[in-house]
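Structure, as structure tokens:
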Amino acid sequence: MLIDYSQLIEYLEILDEASPRVTMREAGLTPLGRKMYILFVSSEDNIAGLDGLREINERLAMDPDIPDVERDAIMEKARVFFLATLSMHSGEVGPSQALPIIAHDFATSTDPEILGWLDDVVYMAIPCHNPDGMDMTVEHYRKYHGTKY
């Protein structure tokens, strides 16, 4: 079974409310006027300080003249940001369909290795790069699911 875009976002909003390791922010609109989002998953401390971490990374990326001593101090606070843009084309349903499982696993894991990853990395995901196309594909799937087609 496939979930549609509104079901995907509804689940991620529930996860955002339930877990301090998850937050979701609006990122824009689709051509058909639907809201698009970016999901952030990391350690509780990183999510709580997300705006500060963004400022650190922006400074490191945009200021080539940071003195070495200051840059080393900033690097101690910095985190790696990893961006996944999921399901850019409407027929690419797998990535967006898998995101609820991946996000849930990261949000609830007690595995020390995964918790270490979340301390070092901010995982960002565009839940679906093409929500309008995703829904068209899901509607087509639902129409013909269980038929000879």
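The values are calculated or read from the model by the stated rules, or taken from the named source; none is laboratory data. Small disclaimer: the values here were computed from a predicted structure and weren't measured. In this analysis, Cβ positions are derived from the backbone assuming ideal geometry, glycine residues included, and neighbour counts consider all displayed protein chains. We work out accessible area using only protein heavy atoms, side chains counted, and drop any ligands, DNA or RNA first. Shrake-Rupley method; radii C 1.70, N 1.55, O 1.52, S 1.80 Å.
Residues of the range 80-108 that are open to solvent by less than 50 Å² (accessible area, probe 1.4 Å), out of contact with any Phe, Trp or Tyr (no Cβ under 9 Å at 6 or more places or on another chain) and among the polar types (S, T, N, Q): SER87, SER90, GLN97.
Of the residues ILE101, ILE114, only one is of a type in the set (Val, Ile, Thr) and within 15 Å of the chain's Cα centre (by Cα); which? Walk me through how you get there before you give the answer.
Working: ILE114 fails: within 15 Å of the chain's Cα centre (by Cα).
When all the criteria are applied, what remains is ILE101.
Counting the residues of the range 52-79 that are under 24 Å from GLU17 (Cα atoms) and open to solvent by 80 Å² or more (accessible area, probe 1.4 Å) gives 1. Scanning the range 101-136 for residues that are in a helix (DSSP H, G or I), charged (D, E, K, R) and farther than 24 Å from PRO31 by Cα turns up ASP105, GLU113, ASP119, ASP120. Scanning the range 112-149 for residues being more than 27 Å from ILE56 (Cβ to Cβ) and open to solvent by less than 100 Å² (accessible area, probe 1.4 Å) gives a total of 14.
The rows are residues; the columns are (1) in a loop (DSSP other than H, G, I, E, B); (2) under 30 Å from TYR144 (Cα atoms); (3) touching a residue at least 40 places away in the same chain (Cβ under 8 Å); (4) not polar (S, T, N, Q).
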| position | (1), (2), (3), (4) |
| --- | --- |
| GLU13 | no, yes, no, yes |
| THR23 | no, no, no, no |
| ALA27 | no, no, yes, yes |
| LEU60 | no, no, no, yes |
| MET75 | no, no, no, yes |
| SER90 | yes, yes, yes, no |
| LEU99 | no, yes, yes, yes |
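Checking each residue in the range 29-51 for being in contact with a strand residue (DSSP E or B) (Cβ under 8 Å, 6 or more places away or on another chain), within 12 Å of VAL122 (Cβ to Cβ) and either open to solvent by 30 Å² or more (accessible area, probe 1.4 Å) or in a strand (DSSP E or B) (or both) picks out ILE38, LEU39, PHE40, VAL41.
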